[in-house]
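Here the structure is laid out as structure tokens; the discussion comes afterwards.
Bear in mind these aren't lab numbers, they're just calculated from the coordinates by the rules spelled out. Model, not experiment: these values are computed from the prediction. Here the Cβ positions follow ideal geometry from the backbone for every residue, glycine too, while neighbour counts run over all protein chains shown.
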DNA sequence: CTCAATACTTACGATCAGGTTAGTACCTTA
DNA sequence: TAAGGTACTAACCTGATCGTAAGTATTGAG
């Protein structure tokens, strides 16, 4: 679970639910279409299975993600974003835009400072 | 320094510069008017001096914050947001709005799950 | 009768963000 | 002469976060 965040201006709760290394990326991947567990694993090759489930479970507990299991012969589970999850994803768009615009500047600056 | 973030959709760089427990709050406090070190300390009473300087230095290195020192008798330093810092702050507004809107829902949900 | 595929679960260890406490140098005021 | 305000700096420690590697249950294919 994410760290305690001080709160003024409402960013605290937001960072609590979306903070960490993987959650934003996972939410992004499921925010339009449902994805299976193994599908997500393939889409995010650097994540371990443990982390993937852990993050999905936490997001499910926070109401951002819906989990639907099919009782089939090879087990099958689909994860999708809830309305709350989609709203959060929308709120992240400007930040993503900022990153796309200034990411290179930041990277270069860090490179130079190394 | 923030954790390595995987990047697609541009959120990686953004989280790198604004991630962590204090940076967003600090940026918020200086994004309109310059603030002195001690002023920030008073405004964020729970932060330790070490963390405050550390975060300010990192944000300065990332070009979000400008540091101006006055060579005066009691030393004096003012921190202010650069144009880049202000643009990042703007990009955070929708996320802050989301937090203000759904923060209570999340908190209640976590309370219930405890 | 073993093997592969699915979606997990568990145990352990490493790493890193964050916190605590103390100390620095400068000058002013009492 | 001692205390206090300013803006730091440094050493050390804890605990959350993240990663690695292995094991689980089910069933169908070969």
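Checking the structure you have, find out if any residue of segment A:21-37 is within 11 Å of DNA strand C (Cβ to nearest atom), at the interface with another protein chain (Cβ under 10 Å from one of its Cβ atoms), surrounded by 15 or more Cβ atoms within 10 Å (Cβ to Cβ) and under 19 Å from residue B:7 (Cβ atoms). Yes, there is a match, as at least one residue in segment A:21-37 is within 11 Å of DNA strand C (Cβ to nearest atom), at the interface with another protein chain (Cβ under 10 Å from one of its Cβ atoms), surrounded by 15 or more Cβ atoms within 10 Å (Cβ to Cβ) and under 19 Å from residue B:7 (Cβ atoms). Meeting the requirement of 2 or more residues that are without any contact (Cβ under 8 Å) to a residue 12 or more places away in the chain and within 15 Å of DNA strand D (Cβ to nearest atom), the helices (runs of 4 or more DSSP H) wholly within segment B:1-98 are B:11-18, B:37-43, B:49-61.
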